[in-house]
Amino acid sequence: MDFTTLTIELLGKLASIVGDYGWAIITLTIIVRLCMWPLNVSQQRSMRMMQTLQPKLKAIQDRYKNNPQVMQQKLMEFYKEHKFNPMGGCLPLLIQMPIFILLYSALMSPQFIQMAGNAPFLFVNRLDTTLRASAGISNDGVMGASKYDKFILGKMATVYLPEETLQNVKITKPNQALEIQGELVPGEAIDFKISLDNLSLKFSQLQNIEKADVIITDINTKETEKVTFERKGEILAASFPSVEVEQKFHFDVLLLIVLFGLTMFISQKVMMATSKNTPQDPTQAALQKSMGTFMPIMIIATFVIIPIPAGVLLYLVTSNLIQIVQTVIVNKQMDIEEAQKAQKVDDIDLQNAKKIDNKE
């Protein structure tokens with residue numbers, strides 16, 4: 001069993017608990033963010049420490065700017081002295097990348113499309129749809145298709161022998177097993193064929209196959225249809241009616257992309273917030289402000305070009321919202337800690353001053 005299948009099964013179990021797949025994705029996001037809470041707190045503390053140490057770092061860089069090797073040595077000594085890891089903030093991002101890829105693969109997979117691809121959530125019509133996509137109607141006996149669509153098989157087939165019916169027969173390489181005979185012309189019947197070698201059966205069973213029922217998914221339209229293949233020599237063949245569909249622009253997905261950009265902008269803004277008592281280099285502050293503004297714009301532009309399923313965008317938006325809440329909480333905790341430290345220093349200074357006055 002691969003990781004994509006495990007992800008789909010996990011979403012299915014969560015959906016059975018929380019009610020639907022939209023809430024399942026949100027629940028999964030919450031679980032992931034809670035597991036990563038200590039790492040994200042460490043990241044925020046590292047960023048605050050970086051802000052505090054920035055003037056001293058800049059002084060080292062200016063002093064040894066003509067000797068890069070010595071500068072690197074002094075910086076490493078400085079990091080070691082203050083127990084600061086400049087790469088610590090990258091770890092949460094590196095951990096989240098595989099989760100993002102798994103969720104993307106799961107929601108784009110035929111298994112999810114067949115199981116819950118057309119599941120709506122709030123204002124989202126389909127969790128598997130992208131910004132520009134054609135949506136077909138599954139299981140209506142007609143395959144909605146465009147000229148350059150690609151089709152894949154489900155992982156299992158029902159195979160009919162003269163005296164028995166075999167359920168859940170495994171199809172080897174389902175992404176490659178299906179072929180189209182001739183040219184695909186939307187509106188005309190599509191001729192499909194499958195080699196018998198793609199069925200995981202014994203030779204004696206392969207010789208007696210009469211027909212097979214297989215699920216076919218159009219990757220572009222996300223439509224799934226149950227197709228009956230008849231045996232013709234050493235192949236299984238089927239002719240299935242089709243209707244031409246046009247690519248549509250999905251404004252619900254666009255809204256999710258905008259929400260992602262907005263929540264990312266707020267998250268960056270909150271993340272870059274400094275303590276009132278923390279000095280900050282003007283150049284560094286200007287750079288952070290530019291990054292916080294342009295990074296969301298760049299990612300939004302990327303998501304407009306790259307097809308990202310609505311379910312993945314839902315995960316990202318939820319993750320950003322949790323990040324905002326976490327950042328506010330941790331920043332307040334650090335502000336309290338800094339105020340307490342400052343108060344202790346003031347108390348010590350006051351006590352020392354009183355001792356000097358008493359001696360005098």
- Mind listing the phi-derived Karplus ³J(HN,Hα) values for segment 187-192, rounded to whole Hz, using 6.51, -1.76 and 1.60 with θ = phi - 60°, and x for any glycine or proline? x, 10, 5, 9, 8, 9
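Using a 1.4 angstrom probe with every protein chain in place, what is the largest-first accessible-area order of Arg33, Arg231, Arg132, Arg126? Before the final figure, lay out the partial values.
Working: Arg33 5, Arg231 60, Arg132 120, Arg126 35 Å².
Sorted descending by solvent-accessible area, the residues read Arg132, Arg231, Arg126, Arg33.
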- Heavy-atom surface of segment 182-221, accessible at 1.4 Å and reported per residue (Å²): 49 Å²
- Message: Going by amide H atoms built from the backbone, whose H comes under 5 Å of the H on Val245, apart from near neighbours?
- Response: Ala145, Ser146
- For segment 127-194, build the convex hull from the C-alpha positions and give me its volume per residue in Å³. 143 Å³
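Heavy atoms only, 1.4 Å probe, whole protein assembly: order Leu166, Leu122 by accessible area, highest first. Spell out each step's value before the answer.
Numbers: Leu166 30, Leu122 140 Å².
Highest to lowest solvent-accessible surface, that is Leu122, Leu166.
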- Message: Residue by residue through segment 68-77, what is 3J(HN,Hα) from phi via Karplus (6.51 cos²θ - 1.76 cosθ + 1.60, θ = phi - 60°)? Round to whole Hz and write x for glycine and proline.
- Response: x, 5, 5, 4, 4, 5, 5, 5, 4, 5
- Task: For a quick protection proxy, order the peptides 184-195, 209-220 by their average other-Cβ count within 10 Å, most packed first.
- Result: 209-220, 184-195
- Task: Evaluate the Debye formula for segment 209-252 with equal point scatterers sitting on the alpha carbons, no solvent, and hand back log10 of I(q)/I(0) at q = 0.27, 0.33 Å⁻¹, in q order, two decimals.
- Result: -1.03, -1.20
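So which of Lys202/Lys232; Lys147/Lys211; Lys150/Lys222; Lys80/Lys332; Lys147/Lys232; Lys13/Lys150 end up more than 20 Å apart, counting from Cα to Cα? Walk me through the intermediate numbers first.
Working: Lys202/Lys232 18 Å; Lys147/Lys211 28 Å; Lys150/Lys222 10 Å; Lys80/Lys332 27 Å; Lys147/Lys232 26 Å; Lys13/Lys150 30 Å.
Over 20 Å Cα-Cα: Lys147/Lys211; Lys80/Lys332; Lys147/Lys232; Lys13/Lys150.
Evaluated at 37 °C with a viscosity of 0.692 mPa s, what Stokes-Einstein diffusion coefficient in µm²/s does segment 161-239 have when Rh comes from the Kirkwood expression over alpha-carbon pairs?
Working: Rh = 13.4 Å.
This corresponds to a translational diffusion coefficient of 244 µm²/s.
The values are calculated or read from the model by the stated rules, or taken from the named source; none is laboratory data. Just so we're clear, the structure is a prediction, and the values are computed from it rather than from any experiment. Glycine also receives a Cβ, built like all others from the backbone with ideal geometry; neighbour counts cover every protein chain displayed. All accessible areas refer to the heavy atoms of the entire protein, side chains included, with ligands and DNA or RNA removed. Shrake-Rupley method; radii C 1.70, N 1.55, O 1.52, S 1.80 Å.
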